[in-house]
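Notes follow once the structure below has been shown.
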Amino acid sequence: HDSISVRKLRALIQRHAARCTEFDRLEQELNDAYTAGEHERTEALARALVRRYPRDPRVYWTAVGMFSTHGKFEEAERIAIAGIGLDSLSMDAGNGPCSQCVGFFQIIHLAMQRRDFKASANWARRWISEQPDAPSPWATLALTYLFSQKTDSALALQQRAITLSGSELWALDSY
């Protein structure tokens, strides 16, 4: 929140842009277009990032965020669903945090934004079936239940997330 430092750092980045990776340049261009309110350009750059880096979960996270803030929930959900497939092998092994962030988490929250709590609960249950020992799916299902005013169920699910997380602060705070 320090705009003076941000301007100085941004100028430094621009002076040395040739040293940045193509990914970093495209991502910065997308962020600049987004903050300038250039919706069409932002969306075009988000699509370009996904096409150019189809195996990088960061681009899915960014693209879903851009499309959802523009109210294009169907496209955001389509991209998030594509993101689930990135770490399909690690999902089976139970340690796919990128898929959690990119795929299931975003799909569930997109459904909640549309007030489609049935769909968000279904996606959360699917996530739990993929990673039953991970705390995040349980906490996300708890949040879905909380938003759909099923408080008792939400609290029980969050207790499960606390147990699975080893009582990590984020899980306790969510409770």
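The values are calculated or read from the model by the stated rules, or taken from the named source; none is laboratory data. As the structure is a prediction and not an experimental result, all values here were calculated from the model. Cβ placement follows ideal geometry from the backbone for every residue including glycine, while neighbour counts extend to all protein chains displayed. Ligands, DNA and RNA are stripped out before the accessible areas are found, and what is left, the full protein with its side chains, is counted by its heavy atoms. Shrake-Rupley method; radii C 1.70, N 1.55, O 1.52, S 1.80 Å.
Which number in (1) modelled with pLDDT of 90 or more; (2) touching a helix residue (DSSP H, G or I) at 6+ places or on another chain (Cβ under 6 Å) marks the one condition that Leu155 misses?
It fails just one condition, (2).
List the helices (runs of 4 or more DSSP H) inside the range 129-175, counting only whole elements, that have at least 3 residues being under 21 Å from Phe117 (Cα atoms). Show your work before the answer.
Details: elements: 135-147, 151-165, 169-174.
Answer list for the range 129-175: 135-147, 151-165.
Just give me the residues in the range 48-62 being out of contact with any Ser or Thr (no Cβ under 7 Å at 6 or more places or on another chain) and farther than 13 Å from Gly85 by Cα, in sequence order.
Ala48, Val50, Arg51, Arg52, Tyr53, Arg58, Val59, Trp61, Thr62
May I ask you to list the residues in the range 157-175 that are open to solvent by 50 Å² or more (accessible area, probe 1.4 Å), touching a residue at least 12 places away in the same chain (Cβ under 8 Å) and among the small types (Gly, Ala, Ser)?
Hit for the range 157-175 is Ser174, nothing else.
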